[in-house]
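Contents: one structure, followed by commentary.
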Amino acid sequence: MSRGTVLRRLAAHEGRWLMSLGWWVARRRIGVAPGERALGYAGAQAALVYGLTFVCVVETVGLGVLLAGMAVVHEVMLFVDVYTVLTVLGFQAAAVTRPHVLGAEELRLRDGPRREIRIPLERIASVRYDLRFVREQRKDGGEVAELAVAGQTSVTVELSEPVVAVRLLGRRETVRTVRFHADEARAAVTAVREGMAARAGVPAAEGAPGAGGTPEAAGAPEPGRAPEAAGTPEAAEAPLKQA
């Protein structure tokens, strides 16, 4: 890849997160059409981002006091510090305004303005809640894409057919497994499963795992346990009758 292409991609990335600041202030989201469901993921990193922003603001004020007698240096450092604060806030703004999106035909997984993976629902073989802590980004590809937030992923999507994922600088990867984070991971899994069922024309069962309930939650007896032994009046009087 040429240096010019790399610079253009980096400039486009800068423009996207700067634009995200305006969308964030306006409380709007990018690329979420009516009828589509947004799956947020920015909550996991919010405390870290806001804490870092506070530190940057304190540093900006401190340097402003220390460099008050050096006008040129003060102005340069003020510009750098303000841009740093905007960069940190833009990181959060991009995550808030660009959530994962579940539509009628596809699942779009995002990593802020850096990356977007489009997965047709018919290619999803399975989706499950799967909390993992990522120590470092995968470098070997291995047909696995990880969109971690705050060092963690919470949902794993297995594909029946591969999809192509494009990284920030244009490198293309073929992936069969995608791991991503959602603030409400279990609800996201349920929503994706319901979308898959609707796409296939099969109604989701109320008691199906991941579709809003479990046999235990529905009041069904535990495996191997007879219904009459679950605390009925007849069961309580059985010893008296035998006596």
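Each reported figure results from applying straightforward, stated rules to the coordinates on display, with no laboratory input. Everything quoted here is computed from the prediction, not taken from an experiment. Note: ideal-geometry Cβ built from the backbone for every residue, glycine included; neighbour counts use all protein chains shown.
Among the GluC sites (Glu not before Pro) in the range 95-124, those placed in a DSSP loop whose Cβ has at most 14 other Cβ atoms within 10 Å are GLU105. Per-residue Karplus couplings for the range 104-117, computed as 6.51 cos²θ - 1.76 cosθ + 1.60 with θ equal to phi - 60°, are listed in order as 6, 10, 8, 10, 9, 9, 10, 10, x, x, 7, 7, 9, 10 Hz, Gly and Pro entered as x. Charges were assigned to the Cβ only: +1 to each Lys and Arg, -1 to each Asp and Glu. The resulting dipole of the range 107-200 about its Cα centre is roughly 220 debye. Near the amide H of TYR41, under 5 Å away, which other amide H atoms are found, from residues 5 or more places off or on another chain, if H is placed in the peptide plane? It is HIS100, ASP183, by chain and number.
For the range 85-140, chymotrypsin sites (Phe, Trp or Tyr not before Pro) meeting the loop criterion (DSSP other than H, G, I, E, B) and having at most 16 other Cβ atoms within 10 Å: none. Between the amide H of GLN152 and those of VAL134, distances stay under 5 Å, these residues lying 5 or more places away or on another chain, with hydrogens modeled in the peptide plane. Over the range 1-119, Cα pairs under 8 Å with separation of 6+ residues give a relative contact order of 36 percent. Here the range 76-105 is scanned for amide nitrogen atoms under 18 Å from the site 7 Å beyond the Cα of MET19 along Cα-to-Cβ, giving 87, 90-101. A simple rule links phi to the HN-Hα coupling: the Karplus curve 6.51 cos²θ - 1.76 cosθ + 1.60 with θ = phi - 60°, which for the range 180-186 gives 9, 10, 9, 4, 10, 5, 5 Hz, with x for Gly and Pro.
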